[in-house]
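Trainee: This is the structure I have questions about; it appears just below.
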Amino acid sequence: MCRVRVKLAIIFFCLLFWPSITLAKDNSYGAIILLDEVKNSFDAQGREVWYEHELIQVLNQKGIQEFGEVVIPFSTKYQRLKVLKAVTILPNGQRVKPAKNAYNIVSPPFVMQAPIYSDIKYQTVSMPALCPGAVIEYAYELRTIKSYMPGQFWAKNIFQQEYPVKRAIYALSVPKSKIPKIILKHIHLRPKKEVRGDQITFIWEVQNLPAIDAEPYAPPLEELAASIALSTVPSWDKVARWYYDLAKDALKPDIAIKKKAKELTKDCKDEWAKIKAIYNYVAQNIRYVGVEFGINGYKPHPASQIFRLRYGDCKDHSTLLIAMLRSVGIKAYAVLIPTTEIANLNERLPMPGAFDHEITAVLVHGKYIFLDSTAESTPCGQLPPSDQGRRVLLVKDGKAILTTTPIFGPKANQEIYKARFWLDAEGALKGTGKLVYTGVYAMFRREQFIHMTAQQRQRTIEKIINNFSPGARLLGMEISPYQDLNQSNVRVGFRIKDDAYATRTAHLLSFHPPLPSFSHLISLVAAAKRHYPYRLGYCLRKVAEVEIHLPQGYRCIFLPEDYRYTNDVGRLEIRWRKKGDVIICHEVLEVSQAEIPVDKYAQLRHLFTLAVKLNRNQVIILKKTLLAKRVKGPVQEALRSPLTAHQRQECGQRDECAVL
């Protein structure tokens, strides 16, 4: 089991404080970790004892709310938990212990939804008498009674948090005959060594670690923080063989599974159609219970049980999917994957603790295609952003294949907006349009629609159309069958009317083009600088194609110029043209990287800022009668077509142009 999960869950939900003479000067973090002490020991069989001692000073109400409840997850099947100490130390030195009823063992939400996971529990402790300056102190011991991989062990520990750490200690005790491979990240520190009998202890101690800035869209804490990881597992083949042996019996399909798989594929004309039919069934009929890989052990439940109960965690989803696919002759394999919620796989350190999720791979025409049936809104052959670009372990007949999941390019993840509008002489706008979502955008919108009522879906579409036409009324809409995973795109058709779209004067109509405002992009890059990479998680492409039919008797005199901009992270293009009394605008915003390095963040910010500002350009149209009667000479000639920037500048210096 990944020990860092136990540690992080506790620190995330609660943290504790130690007596402090004075309140820390900088209380913006809410709390300071005064002591983070871990003693981690293993025996030759791979059984583990994890001792943790925390002292955390809460600085204000924010810290009290964040850390007032200690939460320790554990497995009743594999572990024994003992809380050794819990006390609140007030600023005056008074010690207040929690009452007996402050200690509770509760089931996490996923256990209440799915009883077969009932061996996962949370030990909670409600800390009493908390106030600014108080310190929570607690200690516990978590003892593994059954080794996950006999004779082998692995562990992770994170020294740094999103709060300042005054002192952190990690003591690792192992048999002298079983020294693990150890990798430190973002820290250079030689351990102290102590030898007692057959055990050797390595001790790492660090002080005054700064807080990790919790920037939005940053990589996970495990990638950014000073940390240590260790393992005795000799190779990835060892991991693959271990998991293969663990899961092989669960993969056997029973009669019911074979019957259902045959029924689903009876009309399929090729192999890919069979894969899609079975994938769609598992994705949409087996309720996903979100338990991180390893937190409930590593052995999946039997496919027959999963099929009967209609729910399971990620490894259960994969197990049933593989069993059904193999029953109709499809080659399918388990894939262990570290999602973007944790650090990517380090090939130098083989261990099961490198993963937090399991998906499936199928071999089609000599190429592996990855499937994640836990993502109910993701069509077959696509992947949610958290699965893209990850180093994975594909378990093929007990052998390890290390490979990488794809990152789908911008054209795979499109938000396409096409519309045709008519503007009248009063400034009202009416028309029809459609929105087409592909890839990640289709996943987002499908997931949203699935869990909405009809009224909520309508309000969502109304919000979307008001993004490009504030005040518009939705006259009608039509949504494609978003529940159908065979339709990879989600489409929305609409009819709208905006009674006051253009600004009207005696002789002019002016308006912003009815394009997506992109205003939300500014909030994504509001900070001028970043400390860490910007992880969008996917590439993207936003396309808009709009026709605006001008009212009779009007002519366009000002049209924004075409604009093209490209940098290292993406591109922006806006093209305008006039065809008779129709104005046509084509716009493309594209981001070609799923993760933006710190040194390229300014380029992303500039790209998004340009997209927002350029959509504020106005179109101006003038009555044709005014052109004929009041504008003479060379200015009249200039107004026969949209003006260039140079022409507009010259025109602005002439008295005849005052009418504009």
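Trainee: Take the alpha-carbon positions of region 570-614, form their convex hull, and give its projected area averaged over all directions (one quarter of the hull surface) in nm². Walk me through the numbers before you get to the answer.
Mentor: Details: hull surface 14.0 nm².
Projected area, direction-averaged: 3.5 nm².
Trainee: Right, here's the next one. Excluding same-chain residues fewer than 8 positions from LYS146, which aspartates and glutamates have a Cα within less than 15 Å of its Cα?
Mentor: Counting by Cα, and skipping residues close in sequence, LYS146 has these aspartates and glutamates nearby: ASP43, GLU48, ASP119.
Trainee: Hey, if you put +1 on the Cβ of every Lys and Arg and -1 on every Asp and Glu Cβ in the chain, which of PHE421, ALA250, VAL83 ends up farthest toward the positive end of that dipole?
Mentor: ALA250
Trainee: Can you tally the net charge around LYS497? Count Lys and Arg as +1, Asp and Glu as -1, for every other residue whose Cβ sits under 15 Å from the Cβ of LYS497. Before the final figure, lay out each step's value.
Mentor: Details: positive: ARG420, LYS430, ARG473, ARG495; negative: ASP424, GLU426, GLU462, ASP498, ASP499.
Net charge in that neighbourhood comes out at -1.
Trainee: Treat each spin label as a single point 7 Å out from the Cα along the C-beta direction, and report the ILE522 to SER177 distance in nm.
Mentor: 6.9
Trainee: While we're looking at this one, here's another question. What is the sum of charges, Lys and Arg at +1 and Asp and Glu at -1, for the other residues whose Cβ falls under 12 Å from the Cβ of LEU524?
Mentor: Details: positive: ARG530, ARG535, ARG605; negative: GLU215.
With Lys, Arg at +1 and Asp, Glu at -1, the neighbours total +2.
Trainee: Give the Kirkwood hydrodynamic radius (Å, one decimal) of region 310-360, defined as one over the mean of 1/r across all pairs of different Cα atoms. Could the numbers behind the result be given before it?
Mentor: Values: mean 1/r = 0.0825 Å⁻¹.
Across region 310-360, the inverse of the average 1/r is 12.1 Å.
Trainee: Let me ask something additional. For region 75-193, which semi-axes, largest first and in whole Å, follow from the square roots of 5 times the eigenvalues of its Cα gyration tensor? Don't jump to the answer; show the numbers that get you there.
Mentor: Values: eigenvalues 174, 129, 38 Å².
Equivalent-ellipsoid dimensions as semi-axes: 30, 25, 14 Å.
Trainee: Relative to the compact-globule scaling 2.2 N^0.38 Å, provide the ratio for the alpha-carbon radius of gyration of region 383-454.
Mentor: 1.84
Trainee: Now a separate question. Measure off, as a whole percent, the carbon and sulfur share of the 1.4 Å-probe accessible area of the chain, all protein chains present.
Mentor: About 51 percent, which is the carbon plus sulfur part of the accessible surface.
Trainee: Right, here's the next one. Express the C-alpha Rg of region 184-304 as a ratio against the empirical globular expectation 2.2 N^0.38 Å, rounded to two decimals. Intermediate values should be presented prior to the final figure.
Mentor: Numbers: Rg = 23.3 Å, N = 121, 2.2 N^0.38 = 13.6 Å.
Region 184-304 yields a ratio of 1.71.
Trainee: Which of the lysines could a cross-linker span from LYS266 if the Cα-Cα distance has to be under 28 Å and same-chain partners fewer than 8 positions apart are dropped?
Mentor: Those lysines meeting the cut-off are LYS248, LYS252, LYS258, LYS274, LYS276, LYS315, LYS331, LYS367, LYS396.
Trainee: Suppose all protein chains stay in the model; what accessible area per residue would a 1.4 Å probe give for region 189-345, in Å²? Could the numbers behind the result be given before it?
Mentor: Numbers: 7000 Å² over 157 residues.
Counting only protein heavy atoms, the per-residue value for region 189-345 is 45 Å².
Trainee: Now a separate question. Nothing charged except the Cβ atoms of Lys and Arg (+1) and of Asp and Glu (-1): what's the magnitude of the dipole of the chain about its Cα centre? Round to the nearest 20 debye.
Mentor: On the way: 92 positive and 63 negative charges, 176 e Å.
So the magnitude is around 840 debye.
Trainee: Another question, then. What nm distance separates the two modelled labels at LYS266 and ARG310, each placed 7 Å from Cα along Cα→Cβ?
Mentor: With each label placed 7 Å out from Cα toward Cβ, I get 2.1 nm.
Trainee: What distance in nm separates the simple spin-label points at LYS418 and VAL106, each placed 7 Å from Cα in the Cβ direction?
Mentor: Result: 5.1 nm between the two label points.
Trainee: Also, quick follow-up: Quick check on region 236-391: what are the equivalent-ellipsoid semi-axes from the Cα gyration tensor, as sqrt(5λ), descending, whole Å? Walk me through the intermediate numbers first.
Mentor: Details: eigenvalues 116, 57, 44 Å².
For region 236-391, the ellipsoid semi-axes come out as 24, 17, 15 Å.
Trainee: How much net charge surrounds VAL106 when only other residues with a Cβ under 14 Å from its Cβ are counted (Lys, Arg +1; Asp, Glu -1)?
Mentor: Neighbour charge sum, excluding VAL106 itself: -1.
Trainee: Let me ask you something else. For region 539-586, what value does the Rg/Rh ratio take when both radii are computed over Cα atoms and Rh is the Kirkwood radius, given to two decimals? Could you put the intermediate results ahead of the total?
Mentor: On the way: Rg = 13.7 Å, Rh = 12.5 Å.
Taking Rh as the inverse mean 1/r over Cα pairs, Rg/Rh reads 1.10.
Trainee: Please compute the Kirkwood hydrodynamic radius of region 418-475 from all pairs of different C-alpha atoms, in Å with one decimal.
Mentor: Numbers: mean 1/r = 0.0771 Å⁻¹.
Roughly 13.0 Å, rounded to one decimal.
Trainee: Sticking with this one: Any idea what % of Cα-Cα pairs in region 439-533 are farther than 15 Å? It would help to have the intermediate numbers written out before the result.
Mentor: On the way: 3159 of 4465 pairs.
Pairs farther apart than 15 Å: 71 percent.
Trainee: Could you compute the FRET efficiency for THR460 and VAL612, with r as their C-beta to C-beta distance and R0 at 25 Å, rounded to 0.05? Could the numbers behind the result be given before it?
Mentor: On the way: r = 22 Å, r/R0 = 0.88.
The formula returns an efficiency of 0.70 here.
Trainee: Still on this structure, please answer the following. Place a point 7 Å from the Cα of ASP237 along the Cα-to-Cβ direction; which residues of region 116-158 have their backbone N under 17 Å from it?
Mentor: Answer for this model: none.
Trainee: Which residue, chosen from LEU34, LEU393, ASN104, occupies the Cα position most advanced towards the positive end of the dipole of the chain, where the dipole is computed from +1 (Lys, Arg) and -1 (Asp, Glu) charges on Cβ about the Cα centre?
Mentor: The one lying farthest along the dipole's positive direction is LEU393.
Trainee: If you look at just the Cα atoms of the chain, how large are its Rg and its Dmax in Å?
Mentor: Calculated on Cα positions, Rg and Dmax stand at 30.7, 106 Å.
Trainee: Roughly how compact is region 324-482, stated as its Cα Rg over 2.2 N^0.38 Å to two decimals?
Mentor: Numbers: Rg = 21.3 Å, N = 159, 2.2 N^0.38 = 15.1 Å.
Against the empirical 2.2 N^0.38 Å value, I get 1.41 for region 324-482.
Trainee: What lysines could a cross-link reach from LYS418, if we take a straight Cα to Cα line under 21 Å and drop same-chain neighbours fewer than 8 places away?
Mentor: Partners within reach: LYS430, LYS434, LYS463, LYS497, LYS542, LYS578, LYS579, LYS613.
The values are calculated or read from the model by the stated rules, or taken from the named source; none is laboratory data. The model shown is predicted, which means the values in this text are computed figures rather than measured ones. Here Cβ is always computed from backbone atoms with ideal geometry, including for glycine, and neighbour counts include all displayed protein chains. We work out accessible area using only protein heavy atoms, side chains counted, and drop any ligands, DNA or RNA first. Shrake-Rupley method; radii C 1.70, N 1.55, O 1.52, S 1.80 Å.
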